[in-house]
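Accompanying notes for the structure given below.
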Amino acid sequence: MGARAVFLVGFMGSGKSTVGPELARRLGWDFVDLDCRIEACEQKSVPEIFRDQGETGFRLAESTALQHLTQSLERDSVVALGGGAFAQEKNRTLLRNCFSVFLNAPVEELWKRSLADGVERPLRKDRDQFARLLAERLPGYRQATITVETAGRDVVSICGEIEAALQLRPVTEGGRPASAVSGSSNSRSGESQ
Ligand code: S3P
């Protein structure tokens with residue numbers, strides 16, 4: 001990756017697509033939505049990919065798009081991942097040295113927000129299934145570089161917290177937080193850099 005990047009992760013309704021463009025605007029960086037990249041590559045919408053290729057096909061397209069993105073990013077970017085991307089260990093491994101932000105909120109708020117934005121989500125079925133899927137994914141999300149609690153907060157305040165974290169640990173080209181490059185223990189996995 002020849003550019004700086006911040007990856008926004010979290011469940012459906014966590015605000016990645018709202019926070020992402022605003023954070024990018026404030027940093028003067030590009031905004032990239034991984035689901036849009038997948039749709040462009042497959043020439044189908046996300047629900048169509050699920051319908052035609054199943055979740056397995058979608059996950060394959062998602063990992064391929066993420067790998068391609070990390071290898072080809074040329075401009076500093078804020079990247080929003082779909083809700084399942086960071087839940088996959090393979091994708092977390094790919095991003096292990098990158099600055100990632102887990103946008104967290106209570107399940108009730110996620111459920112309400114995910115219904116309100118009008119996006120069709122094949123993996124949002126009913127309230128109980130939604131809560132179970134979130135619980136399953138939380139340990140993965142928690143491996144992000146930082147966690148930001150979003151409940152009851154506006155986008156300006158959320159972006160401010162992320163910017164403050166970025167000032168403490170500026171992201172270098174290649175996506176790594178600077179302190180990780182200098183060798184302090186900042187890596188989620190605790191691996192040496
Ligand atoms: C998914 C979330 C969606 C999209 C796809 C799968 C998931 O993205 O990637 O429907 O597995 O949680 P959003 O988190 O933007 O809704």
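A few notes on this one:
- Under 18 Å from the Arg75 label point (7 Å along Cα→beta-carbon), backbone N, segment 13-40: 20-38, 40
- GNM flexibility winner over the chain from Gly20, Gly84, Gly57 (Cα, springs under 10 Å): Gly57
- Sites counted here are trypsin sites (Lys or Arg not before Pro) in a DSSP loop (not H, G, I, E or B) having no more than 13 other Cβ atoms within 10 Å; the longest part of the chain that contains none of them is 1-74.
- Enclosed volume per residue, in Å³, of the convex hull spanned by Cα atoms of segment 5-181: 107
- Of the residues Gln71, Gln167, Gln143, the one that moves most in a GNM of the chain with alpha-carbon contacts below 10 Å is Gln167.
- Alpha-carbon Debye profile of segment 10-100, log10 I(q)/I(0) at 0.16, 0.23, 0.24 Å⁻¹: -0.65, -1.31, -1.39
Each reported figure results from applying straightforward, stated rules to the coordinates on display, with no laboratory input. Remember, it's a predicted structure, so these values are computed and weren't measured experimentally. No Cβ is skipped: glycine too gets one built from the backbone with ideal geometry, and neighbour counts run over all protein chains shown.
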